[in-house]
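Since the structure comes first, as structure tokens, the remarks are kept for the end.
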């Protein structure tokens, strides 16, 4: 079962948006997914680098019209 969280960082300033996302990632349970909405590519780049360092997490990014959609998953 994949529990899903959604957080919207589009209207948050850096570095608050990174810190909020990291806090949510730290609270994820195994098998859980989180969708993160981000406006700036620099924030996307930082979040991807952060998540790729975690051995039990994966991240996918998708460009939308006005923002980026990141899907972060914590493996079972």
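No value in this document is a laboratory result; all are computed from the given coordinates. Please read these numbers as outputs of a predicted model, since none were measured by experiment. Every residue, glycine among them, receives a Cβ derived from its backbone with ideal geometry; neighbour counts consider all protein chains shown.
Remarks
- R0 of 30 Å, Cβ-Cβ distance residue 76-residue 40: FRET efficiency to nearest 0.05: 0.40
- Our estimate of slack between residue 52 and residue 6, defined as 0.36 nm per intervening residue step minus the Cα-Cα distance, is 14.6 nm.
- For the chain, the spread of Cα positions along each principal axis, largest first, Å: 31, 22, 17
- Degrees between helix 16-26 axis and first principal axis of the chain (Cα, 0 to 90, nearest 10): 10
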